[in-house]
Protein chains: 2
Amino acid sequence: MTPLQNDSLLRALLREPVEYTPVWMMRQAGRYLPEYRETRQRAGDFLALCQTPELACEVTLQPLARYPLDAAILFSDILTIPDAMGLGLYFSEGEGPGFERPLRSAAAIRSLGVPDPEQSLGYVMAAVRLIRRELGGRVPLIGFSGSPWTLATYMVEGAGTKNFSHVKGMLFDRPALLHELLGKITDAVTLYLNAQIANGVQAVMIFDTWGGVLSPQSYREFSLDYMSRIVASLQREAEGRRVPVILFTKGGSQWLEWMAASGCDALGLDWTIELGEARRRVGHRVALQGNLDPCVLYASPTRIRAEVRRALASFGTGSGHVFNLGHGIHPNIDPERPAAMIAAVHELSRPYHT
Amino acid sequence: MTPLQNDSLLRALLREPVEYTPVWMMRQAGRYLPEYRETRQRAGDFLALCQTPELACEVTLQPLARYPLDAAILFSDILTIPDAMGLGLYFSEGEGPGFERPLRSAAAIRSLGVPDPEQSLGYVMAAVRLIRRELGGRVPLIGFSGSPWTLATYMVEGAGTKNFSHVKGMLFDRPALLHELLGKITDAVTLYLNAQIANGVQAVMIFDTWGGVLSPQSYREFSLDYMSRIVASLQREAEGRRVPVILFTKGGSQWLEWMAASGCDALGLDWTIELGEARRRVGHRVALQGNLDPCVLYASPTRIRAEVRRALASFGTGSGHVFNLGHGIHPNIDPERPAAMIAAVHELSRPYHT
């Protein structure tokens with residue numbers, strides 16, 4: 001492997017000194033880019049895009065060709081694991097993802113196996129190796145997975161949901177069964193992330209998209225505990241460097257202290273909390289990643305710059321901040337806007353790192 | 001007016017002694033009840049149901065005939081105000097509400113008038129008077145409105161939204177214009193709630209459904225400040241009693257201290273915070289209303305009872321708690337389940353009030 005030329009992301013995630021605040025964007029390889037839409041079209045459908053390493057590599061690198069980002073993130077989908085577990089993932093246009101065989105019975109949950117990621121998710125590992133080769137050490141590659149709770153919501157509901165009626169019905173009425181399912185998913189996610197690390201990702205992020213729909217007690221019991229188990233079982237060193245782990249619960253800003261005690265290196269933040277306030281609450285235990293409202297990118301470059309300035313000032317001096325949006329970039333954003341944000345982060349953050 | 005026979009709701013909202021914890025449910029008059037669906041069918045469409053005082057009264061009283069609830073809440077919709085402002089409200093089956101003329105220009109916002117609620121919302125006032133007469137003093141009647149920010153999101157987007165692209169684009173790029181709109185809505189909501197009070201509602205609730213999608217700074221500037229203005233301008237006494245004001249920001253549990261300083265009497269809570277923790281944070285300034293996860297009602301009566309017990313224990317002894325769900329009851333709930341919850345609240349709360 002070629003040595004890493006820009007390791008600011010890894011250093012900031014470990015609260016080591018950097019010259020400027022590194023920046024990347026959740027869903028930076030995505031629909032807001034015309035070149036992504038072109039590749040997506042060529043792939044035929046979204047699943048084919050995820051499952052063809054050359055195409056996944058191509059879209060992973062697209063935002064890096066446009067913007068001076070400080071990280072690449074593997075292009076994939078959080079639902080590849082349940083698909084590998086046999087649930088039959090499909091994407092219907094405009095409707096979002098669904099599963100042909102949602103988990104609604106104890107028998108279905110008991111018969112679930114834990115997939116070998118090198119086998120059934122081999123296309124992800126091939127993409128990781130290819131992306132690393134194509135990156136040539138420019139910036140680190142971030143791998144990721146959905147959290148067990150988040151994956152369980154899709155697996156039990158069978159599709160996106162507003163009500164969470166099936167999975168929460170199970171949570172309240174059959175908690176032991178839900179724990180059994182979460183345990184299996186946790187094993188699968190652990191193997192999957194360790195395989196990503198073995199194949200070359202240099203940091204990992206766990207996306208707990210739906211942890212924020214739980215009560216505090218349920219969040220700890222059904223989401224955070226399983227993420228902590230994963231964190232404790234990850235291979236935290238590769239190629240002679242520590243592999244940082246980022247944990248992100250959307251809507252979880254009231255639980256930061258608990259999350260910071262999970263053993264992770266950094267917390268992803270949505271925009272409902274000030275960075276400075278979050279930093280006071282977690283102290284020196286973890287780095288912070290975030291947290292610009294993705295809707296700021298609907299605004300003028302002048303206003304984007306002002307919001308970047310405010311966020312940097314809120315975090316304050318010293319390392320431990322990776323700039324990002326507080327959620328994925330929206331599909332209808334003008335690609336000129338992220339350019340303004342990224343330039344502002346690089347320029348305006350230097351005084352905070354002297 | 002006949003004297004109020006059960007005033008436990010009003011006393012709990014003012015932190016005065018009660019014998020048990022009063023309980024009602026957000027959207028208690030709603031689709032989960034077969035008798036509601038029957039009336040809705042008879043009305044033809046949802047708007048006709050809101051705009052026909054006899055039918056609005058009928059559905060308001062339906063849950064009280066089924067359950068020993070401690071309050072009635074006016075059946076209406078938060079979008080009646082923008083409709084009265086001339087935006088052309090419609091409901092399309094399965095799609096939710098929309099406006100024929102969303103606000104997208106400064107000219108459109110400047111030409112908006114503040115409606116006289118006794119005129120253009122006379123059907124709401126007629127419903128209030130009729131419900132009070134039919135209630136005969138059994139329990140108090142709660143009136144309500146959407147918050148200015150929440151109404152503005154619908155008025156600018158023109159429909160429900162996941163991205164909030166138009167209204168947040170305005171927030172970031174044309175904040176003065178958004179403030180002008182919010183000022184007009186605030187005047188309209190103030191007149192509307194005062195008219196509800198003049199016509200007979202005995203408590204009012206402000207629903208800030210979308211405040212939780214804002215950053216802390218934006219929440220204060222674009223949502224909370226306007227709600228505080230409304231609270232300061234409300235007629236707080238009627239029929240010789242104080243009219244309590246409840247403020248509810250969904251997803252706002254990180255901002256409870258700010259909300260408690262708004263001048264309101266009580267805060268509505270969603271289920272992402274423990275009642276006991278919320279009580280410690282707001283101290284004796286306000287009462288609390290909430291906060292069972294509506295999904296608990298998918299569970300068995302035994303489990304519902306256990307969750308009620310936990311919530312009551314979390315709040316602890318003394319007055320200042322109104323039991324409720326943390327959000328509206330879901331349309332697919334079995335009507336037997338709320339019965340179990342309400343009975344459990346009444347029975348299990350007595351020891352906390354001796």
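The values are calculated or read from the model by the stated rules, or taken from the named source; none is laboratory data. Just so it is clear, the structure is predicted and the values come from calculations on it, not from any experiment. Neighbour counts run over all protein chains shown; Cβ positions are idealised from the backbone, glycine included.
Annotations
- Put simply, of B:I73, B:I81 the only residue that is under 18 Å from the mean Cα position of the chain (by Cα), of a type outside the set (F, W, Y) and under 26 Å from B:D173 (Cβ atoms) is B:I81.
- When A:A339, A:A261 are checked against the criterion of being under 21 Å from B:N163 (Cα atoms) and surrounded by fewer than 16 Cβ atoms within 10 Å (Cβ to Cβ), A:A339 stands alone in meeting it.
Every residue, every condition in (1) within 22 Å of the chain's Cα centre (by Cα); (2) on the phi > 0 side of the Ramachandran plot; (3) among the acidic types (D, E), yes or no:
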| residue | (1), (2), (3) |
| --- | --- |
| A:R285 | yes, no, no |
| A:Y298 | no, no, no |
| A:I304 | no, no, no |
| A:E307 | no, no, yes |
| A:S319 | yes, no, no |
| A:N332 | yes, no, no |
| A:P338 | yes, no, no |
| A:I342 | yes, no, no |
| A:T354 | no, no, no |
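- When residues of the range B:165-209 are limited to those that are aromatic (F, W, Y) and under 18 Å from B:R229 (Cβ atoms), the one nearest to the other protein chains (Cβ to nearest Cβ): B:F207
- Residues that are over 20 Å from A:W24 (Cα atoms), more than 11 Å from chain B (Cβ to nearest Cβ) and at pLDDT 95 or above within the range A:252-309 comprise A:E257, A:W258, A:M259, A:A260, A:A261, A:S262, A:G263, A:R280, A:V282, A:R285, listed in sequence order.
- A:G169 vs. criteria under 20 Å from A:M259 (Cα atoms) and of a type outside the set (V, I, T): no
- Being surrounded by 19 or more Cβ atoms within 10 Å (Cβ to Cβ), touching a residue at least 40 places away in the same chain (Cβ under 8 Å) and more than 14 Å from chain A (Cβ to nearest Cβ) is a description that does not apply to B:L214.
- Segments classed as helices (runs of 4 or more DSSP H), wholly inside the range A:8-81, with at least 2 members that are among the aliphatic types (A, V, I, L, M): A:8-13, A:46-51, A:53-66
- Qualifying positions in the range A:304-329 - over 18 Å from A:V286 (Cβ atoms) and not β-branched (V, I, T): A:R305, A:A306, A:E307, A:R309, A:R310, A:L312, A:A313, A:L325, A:H327, A:G328
- Here is the figure for the range A:196-211: residues that are of a type outside the set (G, A, S), part of a strand (DSSP E or B) and in contact with a helix residue (DSSP H, G or I) (Cβ under 8 Å, 6 or more places away or on another chain) total 4.
- Top-ranked residue of the range A:316-326 - restricted to ones that are touching a helix residue (DSSP H, G or I) at 6+ places or on another chain (Cβ under 7 Å) and crowded, with 22+ Cβ neighbours inside 10 Å, ranked as farthest from the other protein chains (Cβ to nearest Cβ): A:G320
- Across the range A:95-124, the number of residues qualifying as more than 14 Å from A:D77 (Cβ to Cβ) and either in contact (Cβ under 8 Å) with a residue 12 or more places away in the chain or among the polar types (S, T, N, Q) (or both) comes to 20.
- The residues of the range A:90-109 that are assigned to a loop (DSSP other than H, G, I, E, B) and surrounded by 18 or more Cβ atoms within 10 Å (Cβ to Cβ), listed by number, are A:P102, A:L103.
- Leading residue by the ranking (farthest from the other protein chains (Cβ to nearest Cβ)) among those in the range B:343-354 that are surrounded by fewer than 23 Cβ atoms within 10 Å (Cβ to Cβ) and within 22 Å of B:R27 (Cα to Cα): B:H346
- Residue ID - nearest to the chain's Cα centre (by Cα), chosen from residues in the range A:220-251 that are within 14 Å of chain B (Cβ to nearest Cβ) and of a type in the set (S, T, N, Q): A:T249
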